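Chemist: The structure's right below; bear with me while I get my questions together.
The values are calculated or read from the model by the stated rules, or taken from the named source; none is laboratory data. Predicted model only: the values in this text are computed from it and were never measured. Methodologically, a virtual Cβ is constructed for each residue, glycine included, from the backbone with ideal geometry; neighbour enumeration extends over all protein chains shown.
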Amino acid sequence: MESNLNPKEQRIAILHIPGEEPIELPILSGTEGKDVIDIKNLSAKGYFTYDPGLLATASCQSKITFINGEKGILLHRGYPIAELAMQTSYLELCYLLLYKELPNQAQLSEFKNKISHNTMVHEQIPKLFQAFRRDAHPMAIMCGIAGALSAFYHEQINVSNPKDRELVAIRLLAKIPTLAAMAYKYSEGQPFMYPQNNLSYAGNFLHMMFATPCEPYVVNPILEKAMDRIFILHADHEQNASTSSVRFAGSTGANPYACIAAGIAALWGPAHGGANEACLRMLKTIGSVERIPEFIARAKDKNDPFRLMGFGHRVYKNYDPRATVMKETCHEVLKELNIQDHKLLDVAMELEKIALQDPYFIERKLYPNVDFYSGITLSAIGIPPQMFTVIFAVARTIGWITHWCEMQQDPSSKIVRPRQLYTGVPTRHVVPMYRR
Ligand code: SDX
């Protein structure tokens, strides 16, 4: 993998440790963002670095997505997210992420054709759903079913073959909406709906979610556009926890479908992709504008585990640019669906207003993130809360598999194996049972 890191111009950081020779560490620069101090040879000098949560650690080089957290900037292959959200479709963005350039019409048509002809899943897969309780959380089902895909394609994959990697990406992009809709239908006790190749990516998803064999289902263009935009806003986000989980699993050479299952598992957590479901439940619990101060106080109380879901971000210390577009989309959908009285939106907007004026949130640079308004929008589309993170997983699959592909091509990539600061008991010896 060629890099933009120019060793000739790189600067050197000097680490001075009392009583020891200074340690020279190269400073490397990318094309955007903070420079990095290359510490890979530090362990040979007798030291590890310590960075719980990897807040200050660049785990890899990447050309896919860039975030400037201080300025609230998100670029996919150099394009700002707001431009992509308002001027392209999700499949155009998928093409951009995978092939590094936006497609022309012919390229997009060929790409859509490849996707459409991979949307069905093996007829054995529906049988797997029978093993789950009907009330299983759909993310639990998605973890299991996505991992099960590895059983259907294991022998055919040579991760070092670009064509094999591309087929994995196409299959996942095509099948994940089908599996997601099946998880929903299973929980509803309704029959699975087959994909419809004549529909758009978002339209086909809505059809598989809400159509029944009993009557024709017409895709509402407003909901189709909103769904496509939601997919765009959640497509990729640098080395977030779920993408890093996919990279960690992929670094061992594991089956890529199993790696995606690792990403789905990580995304499920309420601190990550589960925040959209948690945020909507939080807004429902708050219930009215009058109760907002009570919950703001709880969010600030160190003795109370309650946090404002949909607020704060590890990287953004400014407004999440996706939240800006999500908020506009939310208003558009509610207006176009003629949903006037939306109490939860009133609560959300007032909560945002109060929080952004509160010193606690200002000092900690806590702003709404992509999950703050997505739940209200998804509800308006008719998606139930337990499916919100599944929608996030559908959208993020392209990001996960693009990072997996990038890692497979990176010559500097090796099995991820962090070290630790051991604070346990020093060496000791077993005492025979009769003396314990
Ligand atoms: C996503 O990484 C990504 O890119 C993720 C994502 C993606 O697209 O992949 O953007 C998607 O996961 C968005 C985030 C969704 N999660 C939530 O909305 C859950 C609520 N947010 C928090 O849990 C929290 O803000 C995190 C997990 C998002 C970030 O946590 P950090 O970076 O570890 O920050 P922290 O917990 O150290 O918080 C710093 C301070 C703390 O206070 P002090 O100890 O300094 O006094 O801010 C406080 C925290 O208590 N704080 C909050 C808060 N978030 C942080 N206080 C109240 N409510 C919150 N939401």
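Chemist: Across segment 295-305, what is the number of residues that are surrounded by fewer than 15 Cβ atoms within 10 Å (Cβ to Cβ) and in contact with a helix residue (DSSP H, G or I) (Cβ under 8 Å, 6 or more places away or on another chain)?
Modeler: 1
Chemist: Which residues, taken from segment 236-278, are at pLDDT 95 or above, assigned to a helix (DSSP H, G or I) and within 8 Å of the ligand (Cβ to nearest atom)?
Modeler: Passing the criteria: A241, S242, T243, L267.
Chemist: Across segment 188-202, what is the total count of residues that are part of a helix (DSSP H, G or I) and either crowded, with 21+ Cβ neighbours inside 10 Å or of a type in the set (K, R) (or both)?
Modeler: Residues in segment 188-202 being part of a helix (DSSP H, G or I) and either crowded, with 21+ Cβ neighbours inside 10 Å or of a type in the set (K, R) (or both): 2 in total.
Chemist: Identify all residues within segment 282-294 that are touching a residue at least 40 places away in the same chain (Cβ under 8 Å) and either within 10 Å of the ligand (Cβ to nearest atom) or surrounded by 14 or more Cβ atoms within 10 Å (Cβ to Cβ) (or both); write none if there are none.
Modeler: L283, K284, I286, V289, I292
Chemist: Ok, one more. Could you please let me know if E92 is out of contact with any Phe, Trp or Tyr (no Cβ under 7 Å at 6 or more places or on another chain), in a helix (DSSP H, G or I), closer than 29 Å to M407 by Cα and charged (D, E, K, R)?
Modeler: yes
Chemist: Quickly run through segment 26-84 and pick out the residues that are free of Cβ contacts under 8 Å to residues at least 40 places away in the same chain, crowded, with 16+ Cβ neighbours inside 10 Å and touching a Ser or Thr at 6+ places or on another chain (Cβ under 7 Å).
Modeler: Hit for segment 26-84 is I39, nothing else.
Chemist: Among the residues of segment 409-417, is there at least one that is farther than 22 Å from I64 by Cβ, free of Cβ contacts under 8 Å to residues at least 12 places away in the same chain and either of a type outside the set (K, R) or touching a Leu at 6+ places or on another chain (Cβ under 7 Å) (or both)?
Modeler: no
Chemist: Does F111 satisfy being surrounded by 12 or more Cβ atoms within 10 Å (Cβ to Cβ), of a type in the set (F, W, Y) and in a loop (DSSP other than H, G, I, E, B)?
Modeler: The answer is no for F111.
Chemist: A further question on this structure: Is it fair to say F361 is within 11 Å of the ligand (Cβ to nearest atom), under 30 Å from A183 (Cβ atoms), buried (at least 19 other Cβ atoms within 10 Å of the Cβ) and of a type in the set (F, W, Y)?
Modeler: Here the answer is no, as F361 does not meet what is asked.
Chemist: Separate question: Is at least one residue of segment 160-177 away from the ligand (no atom under 16 Å from the Cβ), assigned to a loop (DSSP other than H, G, I, E, B) and modelled with pLDDT under 95?
Modeler: Yes, segment 160-177 has at least one match.
Chemist: Name the pairs: first residue in segment 355-378 and on the phi > 0 side of the Ramachandran plot, second residue surrounded by fewer than 24 Cβ atoms within 10 Å (Cβ to Cβ) and not acidic (D, E), Cβ to Cβ under 8 Å, at least 6 apart or on different chains?
Modeler: Between residues of segment 355-378 that are on the phi > 0 side of the Ramachandran plot and residues that are surrounded by fewer than 24 Cβ atoms within 10 Å (Cβ to Cβ) and not acidic (D, E), the close pairs are K365/K317; K365/N318.
Chemist: Could you please let me know if L366 is within 12 Å of the ligand (Cβ to nearest atom), more than 24 Å from F205 (Cα to Cα), surrounded by 15 or more Cβ atoms within 10 Å (Cβ to Cβ) and within 25 Å of the chain's Cα centre (by Cα)?
Modeler: So L366 fits the description; yes.
Chemist: If you take the residues in segment 307-334 that are buried (at least 23 other Cβ atoms within 10 Å of the Cβ), more than 6 Å from the ligand (Cβ to nearest atom) and under 19 Å from the mean Cα position of the chain (by Cα), which one is nearest to Q239 (Cα to Cα)?
Modeler: Here the answer is Y316.
Chemist: Of everything in segment 192-222, what is modelled with pLDDT of 95 or more and among the aliphatic types (A, V, I, L, M)? Give them in sequence order.
Modeler: Of everything in segment 192-222, those that are modelled with pLDDT of 95 or more and among the aliphatic types (A, V, I, L, M) turn out to be M193, L199, A202, L206, M208, M209, A211, V218, V219.
Chemist: Another question, if that's okay. Give me a count of the residues in segment 248-277 that are surrounded by 24 or more Cβ atoms within 10 Å (Cβ to Cβ) and either charged (D, E, K, R) or under 18 Å from E406 (Cβ atoms) (or both).
Modeler: The number of residues fulfilling the criteria is 6.
Chemist: Another question, if that's okay. Being charged (D, E, K, R) and assigned to a helix (DSSP H, G or I): is that true of R396 here?
Modeler: yes
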